[in-house]
Each structure stands twice: as structure tokens, then as C-alpha cells.
Amino acid sequence: MRSLVATVLRGLRSRLLLSLGSVLLIALAVASAVLGPVFQVAVTSSYLVTRLADAPNPLTGLSWAYRPAPGTGPAAAASEAATLARQAGAGAGDTYVAPQTFLRTDETPGLGGQVRLAAKEGYCEHLEVEGRCPAAPREVLMLAGDAELTAFEVGATFDVEGAGTLEVVGLYTVPEGPAEADWWFDLSRFSSRTPTPPPSNQPYRPAPLLTGHETLEGLAGVDVEVLVDRRLEPPADLDLEGLDAVRAVASAQDDLAALGLDVAAGASFETRSINDIDGVAAEVRAQQETARSSVAPAVLSLVLVALALLLRLLTAAADLRLPELALASLRGLPRRRMWSLGLSEPLVLLGVAVPVGGALGLGVSWLLVESWLVPGLPVPLPWTSLLAGLGVGLGAGLVAVVAVGLVLRVDLASQLGGVRRPSRARRGAVVAQLALVAGALVVLLSKLSSTAPGDPDVTDLVLPVLLAVVAGLGGARATSALAGWWTRRGPRGSSLSTFVAARALSRRREGTLVILPVTAAIAICVFGAGVYDSASQWRASVAATRAPAAVVWASDLSLDRTVALSRTADPDGEWLMAAGTLSSTGPVFTVADTSRLERVAQWSDQWTPGTSTAEIAERLRPTGEVPLLEGSRIGVVVDNQARSSDDLVLRLRLVTAEGDVRFAFLPVPPSSGTLETRVPACRSGCRLEGLTFGGPAALRTDIQGVVEIWGVLADGEPVDGAVTGAGWKVAADASAPEAVTRLTDDDGVLRVEAATGEPAILQLTAGDVPEALPVVKGLDARTEPDPNAFSTSSPLSFPVDPVVEATSVPLLGPRGLLIDYDMVSIDREVYDQDSSEVVVLARADTPEDVSEQLRAAGLSVDRTFGDVRAGLDGEAYALALRLYAVVAVLVLVMAVAALGVSTAVQLPARRRDAASLRVVGVPRREVMGAVARELGVVLGSTAVAGLAAGALAQYVVLRTVTLGYAETLSTPELVAGVDPVRLALLALLTAVLFGAVALGSAVLTVRGARGATLRETAR
């Protein structure tokens, strides 16, 4: 036993480089197996915490409404409500923070609509106030946007029923930032809703008028309610069991009577929660499963590559022990003792490497958790990590048994020779290789035939490894066959160094053995990097769909008013762009002010490859310039040569700077002259979008003949471009388009020729708007009305012309159509819809004074691109996919390390060959060239095979695998193509690393190739 230990230690010391390489690979494999389950559990817990922390307070918190008993003061009511909230929200520890209260009145008539008064302790410290805070009864703060809408200033007074005469002592703007949002709990309570026209007929509802408790105490006939909230603040160590306790508390709010709350007589306490904790819990559990599935391929690939490289190093170590094993065989050592001798060194290395790998796995897990996940998250240690680590240790032991068995099967003559020559593969090895190829083809064809995306399955686990192994086998066999053919061909027609390199590859098995494991490592590296990068680009595309600009402001105004606001605040279109969603009986539209698309929007390159946002905007915008009239007196120079059955009237459709539509009616006498009327709303500018000729009030009448418009006036001054260049056409939705027989604008005169067979009106539209409106079509978007809809003739039903197809469009994703606001609104009434989302998109560098105008109008920051992207990057699935980046780096490092060790082991044999050539007079340059060519062929074929296998695996797997948990109708699809730039960078990196290894090996080989080398070998 003592002699065996001495022999093992002496052998490990003599082959120290191989020993260290083997320990490193075993440790990395065990560490990977330990890391996978730890990281999977950790990212699920991290996602749970971040998902709850980032969710809007109303979706995760608890809310109640308390109506105190008559005679209860505001302060006492708030205290009673807070006490009840503590009782109702008990049971989840400190996960729900202390209650916070917000007092407000019922709606009461005032300001021409319905108003509310509100109060909250310390509210002035959390607002931006112009003026001062209320200090006496009946003093209020008004939202700055409401003050502008009602033309109020600081110091103005007005009457509110039940409150008396109130004085505006200050104007406030909606606060921003997460801290302020948490303090107020729900910023939507500051929304201001302008009156809506028929058919909804909603009154004006301004934002709450903020005041003190004294004002609320003096109300007459107006009740006060207390909104009390408890915000969810998840601790870093919250797990699914803790989430179940939170869910239980949230579910208990559905039956407050069962909680036995101490509600005062005459008071009421009811839940107002829209809590969706159950939905969050279901989402987290689903992500836990998909995260586990996504971690498995990364860990499995890394472990298998490490074991393949380990087999190569252990085989090389066993080959170096051939003389030692031959001597033992000559001395008659039994077969069992031969196995003990052969396995002694690998088992010692295994005993050292397994605990090192376990410690390394835990250390890397801690590092990744601290670096990538929420601060304070404890590092879990699931039993599956221990089981996986032991399993990999057993796998490494099996690899050692295989490596020793391959050496012990060598006959005694080859063992004494010390050099392993290439030989015909055994039948079992050929069958195994063919089975691998067949299995790879079957899995590959099954994935290619599948198109529906889903969670990773067993085929996704094995396909990258199978393709890598098959590519490695093919590269090794092709290199050996090519080298053998070149050697048999002889040196004719080629340089001596080329022939020597080919002969070395054909006669030395060690030269091609490295191809298989290194090819597998490169393939997994390409696959891992591709999956990680593709998932990252996909999440960026999803983020750009949800947040199409750096900052997204939510607007409660109509789309028309929001567009007008953005154009007023940013007249040059440098920072702001308004957008909204509109639905029809078929298509759904993202309506955007696309003239600002290039400067403001966050547009993913994956949506429209090869088509820029500037080209898109140019295709979507009207080609004509709608006239802009600035003046309170609007006039038209007309020459009426037509005959009509009634008095002819010209109606002008004017859109003000605020987005309101105004109509001006001008009686047209049967002669030429200038017609004028006062339109005070156009003092700040109006767009002349439409002209209608008809009878009184623009009703139908018979018109025969020609009417000419010689110009348009604003305050008596001609408006340039109002006729020529304005793109006047017969309106696409005209009731009688055939009534206009000819329309020209030659020489600055708009000539309208009419011939009506029955009473009609002549409708003209500016902007050169086509009959079919141009749109950017999402991949899954409808362009025709739904045949199953109740009606197919809504105001938003019009023909569309898809001029560009995109994988996604802002706000709606692949199911939407992007259309220009002017194109859809010119001379067309776009009715507001309750389900529509209206936003203002803003650049990150928007000046503060521009943002201030948005806040003053009641807009608030709803989301940012950075926050949406960070939320997607923080999902459990996305965090788990980061392992693919780690795997890509580790397998490349392992490949280079194993290659370096393998090359160093072959260095003595290469030096002997080089010394033989030098002795017979071959120049040093030729010898160095032969070594470099040999390594160049081996490493080149390895790199090509690995890059091809990895790229193919990436393309096939990405076609059907889900790389994120955001699959909705508005989620853009994953682009499965292989990024040529990324592939080129990986190829360049591989070439540099492998080239350095080849050059270094060649230099070391030639430098040590002396005649003494042959004498040392002879001795």
C-alpha cells in the first residue's frame, strides 16, 4: 500500500500539468451542477421580491373605504380607519406597511362639473406648489392643468355646493418618482377628466382640490370618506410560503364581516382593493418551472463539455503511463491490480476535485446572487444541488474508468512502443458513432418540424450537445482522412512543411483526439452566447413595444387634446410625440404623430430590418401640407360661377391649437369677392382641414357649375400654401364624390367643377389624403373589418394600405397597425373610446420646462423604457438565462485550458520529430512551418465545426423555445436568426486564442528541437 501511494504521488508530480487540468475540469463540472439548482431557486425568489416591489401599489396593496359616523371629525375618522386597517391586514407580519389615509369628499357640483375636496397630513411637502399651501378654512390647491383649463389663477375664488366660496391659494403638479408614488399610494386619484361630448356626456371632473381638515369640518350636506391603504413592501427573504400568507390576508378582504372588526356604530368599512396577488403567485410559479427548464440546458452542456475535456486529459495522462503499465504487465501483475494501479491517480484527483468543486459552486452561487439579484437575498441550498454534485462526481469517476480501460486494452507491443498509432475503429465504436449521428438527425428534424414556441423540453437539452459531438466526430474523421490522403499522395506539388504536417496528423493519434472535446466546447460557447444575446434583444424589443420612448407620460385627455398639448409644448418636435390606441370593428390602431417618430421613438431594429424610422414616417405622413391660419378673422376669396337651388354656403373645418374642432360658415354670393367671419379660437392658430359647399348649415342642395377659391386670408393677410401645395382632394368619405366632376389647383386657384343630379354637398379635404390610408402592419394585425362584428361601418372603418410590415408596432405589438395621427384625423371625427390608451412619448433629455407643461396639464410619468427593460431583465426566466453567458465564457476558458494542456503534453513528441528533421538538415523555418500547419489544420477544423454546430443549434432551438415570460398578444415574436456580427466576433476571438496556442507551441517545439533530444530519448 505504501509503495502504491508513493507511486501515485510520484506520478501526479511528474504529470503535474495534466493533474491540475483534470482537477480544474472536475471542479468546474461539480461546481456547475451545484450552481444550477441554487441559482434557479434564487432567481425565483428574487423575481418574486422584485415583481411585488415593482408592481403598482393598487395591484399588490390593500385598500379600504371608511365612512365615519355622523359628527366624527376628519382627524378622528382617519385614526379610526387606520386602526381598522391594521386589524383587517393582520397576518402577514411586516410585509404590509403601516396604514396611510387620504380623506376626500363625495362629488359635489362646482366649476361647471363635479368636484371633490381632499386632505392628507403633510401633503404640501410632497407636491410642487406654485403659490402657497392652504393655511385657513376654504383655501385650496388646484391642479395646474385644471387652472389653465378653467382660466383660474392664484387668488381666484369660486363656489362649490356644500363648501361655500373657495379661494385658490396655490397650484400644484402631480408628483413623480417611486418614493412619491409610495407616499400617495395611488397617483391616479389626481386624474382630471375633461367633459366628453355625446354619446357619453360625461361632466367635467377636475383633480381633487387639496385643503386642510378645517375646510372638511365646515362642509354642509357633503359626506367625507377615508381611503385607507396598506402598501406591500416585500422583504428580501420572502419566499413562496411567505407569499401564501400574503395571499391569505388579501383573500380575507372579500369577507370583512368574518374578521370581526370593531367598526363604530353608524360607520361603515368596506374593501376597495383590486389586489392581484393570486395572479402574481401563479405567474411566479409558472416562471419557476420555466426557469428550472431553462437552467438545465446550460448546466448540462457545461457538465458534458467538462467531462469530454476531462476524458481527453485523463486519456493523455494514461498514455503517458504506458511504459509504467507495460512494466507492471511484464512483471505479471494481475488484472485487478492493473486496474487498481491505473485508477489510483484519477481517483486521487477525483477525491481532491469534488469537495473543491462543491465549495467553488457555492462560492460562485453567492457571488452571482450578490451581483445580479436583490440585495439581502439569502443563498439557498436545495437538496438537488447536493444530489447533482454527487452525480457529476460519479460521472467523472466513470470517465476515469473509461480512460483507463481504453489504455489497458492496448496490447503489450504498443505499450512498449510508447506511441499510439491511428487504427481502425472497433465495430462497437462505429455503431455508437452512427447512433449519435442518427439521434442528432432525429432530434434536429423534430425541432425543425415544430413551429409553436414553448418551454424547453428534453430535445432542447440534448440537441446542442448532440450537434456538438457529431460536429466534433465529423471534424476529427475528416481531418484524419484528409491527412492520410495527403500523406499517401506524397510531397509532390507541395512544400516539405505541408507534407510533414500531414504525415504527423496521419501517424499520431493524439493530434486529432483534441478535436472532439474542443469542438463541443466551441459549439456550446456559440450556443450559449447566442441564446443569451437573442433573449436580451428580444426583451429590448418587448420593452420598446410597451414603452416606445425613454419616458412615457399617461394622459387622461383625449387623443386630439394630447396631440395638441405635445405640439404646443414642443413646437419643433424635438422631444415629445403623442400616441394612442384606437379600436374598430376589425383592426386596432396605434395612432402616433409620426412626424416626430425618428427623433423621439424607441424603435427596435428587429421590427423593420432595412427600413429606418425616417423612411417609415415619410411613407405614413400626408404628402400635402394642411394650411395653418393664425388670426381671429378668417376669410376666403371666392369666385362663384355656379347655380344652386338654395343659397350656397361654404363651411370651413378648423382645428384649434388645443385640438378642438370649430366650423365657420361663409355665405357665398353668386359673384366674386372676399368672405370673412370672426373665429376667436384661431388667434393662436387653426388648421384648415376641410371645405364643404352646400346649402344653409351645409345641407344638401343642387349645385351646377364652377366655384373658384383664389386664396385664404387670416386677419386680412393671404396665407401661403393654402391653395397650391395643400393637397386638396375630394374627401374619401364624401357622401357624393361623383358630384365633383373636376378639381384643379393650377396657378394658385382651386377650381371646383360640380354637376349634381340630386341634392348633395361638395366635400374637400386637405393634405392629399389617399383613399386607403398607409399603415405599418404588425405580423398578426387585421386589415379588414371583422365579419362577425355587429357593425362594419364605424367611424374608424376605412381601407388601409400596409406600406411596411413589422414584427411589432409601439403599444400594440404584432396585432396592431401603426397609422399617422394627421392621416387618420384630417377632416375625420375620431371618437374617443373608454378602452383607449393615450400617452405622450418623451426623450430622456426633455427639458424640465417642457416636462413642467405636461405635469401642469395633469399628465404623469407612467413608465420608462429603462424601468420596463429592467423589469424584463429582472424576471426569473431572464435571470436564469444569464447562466448561458456564464456557460459561454466558462466553456471557452475550459477549451483553451484543455487545449493548452494537451498541446504541452504532446510537446516532447513534437520536439523529437522536429529534432529528427533538424538533424537531416531541414531548415528551422520549415520545421516551425510544419508544426504550425499541423496545429492550424487541427484547430481550424475544430473552430469551423464548433461554430457551425453552435449556430445551427441556436437557430433550431430559438425557433420553438420561449426566452421570456411576456407572451401576450402584444408581445413581438422572437427572432431566431443567427446574428452574423456576433458569430464573426466569436470566430475572431477563437482564431486569436487558437492562433496564439498554435504559434506558442510551434515556437516552443523548434526552440527545444536539438540533437540532444534524440540522445535523451535513446537513453
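Every read-out reported here was derived from the displayed coordinates using simple, explicitly stated rules and does not represent laboratory data. Only a predicted model underlies this, so the values are computations on that prediction, with no experimental measurement involved. Here the Cβ is made from the backbone with ideal geometry for all residues, glycine too, and neighbour counts use every protein chain on show.
Residue by residue through segment 60-74, what is 3J(HN,Hα) from phi via Karplus (6.51 cos²θ - 1.76 cosθ + 1.60, θ = phi - 60°)? Round to whole Hz and write x for glycine and proline.
10, x, 10, 9, 9, 10, 10, 10, x, 5, x, x, 7, x, x
When the dipole is taken about the Cα centre of segment 628-765, and only Lys, Arg (+1) and Asp, Glu (-1) are charged at their Cβ, what size is it in debye, to the nearest 20?
Result for segment 628-765 is approximately 280 debye, rounded to the nearest 20.
Taking a virtual spin label 7 Å from the Cα of D715 along the C-beta vector, which residues in segment 687-702 bring their backbone nitrogen under 20 Å of it?
Flagged as within label range: 687-688.
If amide hydrogens are placed 1.01 Å from N in the peptide plane, which non-local residues have theirs closer than 5 Å to the one on D646?
Amide H to amide H, under 5 Å and 5 or more residues apart or across chains, D646 pairs with D702.
Using θ = phi - 60° and the Karplus relation 6.51 cos²θ - 1.76 cosθ + 1.60, list the HN-Hα couplings for segment 772-778 in order, rounded to whole Hz, with x at every Gly or Pro.
Karplus values, whole Hz, x for Gly and Pro: 9, 7, x, 9, 9, 9, x.
For segment 110-146, which trypsin sites (Lys or Arg not before Pro) are both in a DSSP coil and crowded by at most 16 other Cβ atoms within 10 Å?
Answer by residue number: R132.
Considering the dipole of segment 628-765 built from charges on the beta carbon (Lys and Arg +1, Asp and Glu -1) around the Cα centre, which of L648, S684, A722 is farthest to its positive end?
The Cα lying farthest towards the positive end belongs to S684.
Which distance in nm do the two modelled labels at R662 and E805 give, with both placed 7 Å along the Cα-to-Cβ direction?
Placing both labels 7 Å beyond Cα along the Cβ direction yields 4.6 nm.
Bins of 5 Å, beginning at zero and ending with the bin holding the largest distance: percent of Cα pairs per bin for segment 628-765, please.
For segment 628-765, the pair-distance distribution reads 2, 11, 21, 25, 21, 13, 5, 1, 0.
Rounded to whole Hz and in sequence order, give me ³J(HN,Hα) for segment 80-91 from the Karplus expression 6.51 cos²θ - 1.76 cosθ + 1.60, θ = phi - 60°, writing x for Gly and Pro.
5, 5, 5, 5, 5, 5, 5, 5, 5, x, 6, x
Suppose the chain between A844 and E107 were pulled fully straight at 0.36 nm per residue; how much longer would it get relative to their current alpha carbon spacing?
Values: separation 737, 0.36 × 737 = 265.32 nm, distance 3.77 nm.
Contour length minus the Cα-Cα distance gives 261.5 nm.
Within 10 Å of each candidate Cβ there may be at most 11 other Cβ atoms; applying that plus a DSSP loop requirement, which trypsin sites (Lys or Arg not before Pro) in segment 654-687 survive?
Nothing satisfies the criteria.
At R0 = 22 Å, how high is the FRET efficiency between A90 and D239 if r is their beta carbon distance? Nearest 0.05 is fine.
After rounding to 0.05, the efficiency reads 0.60.
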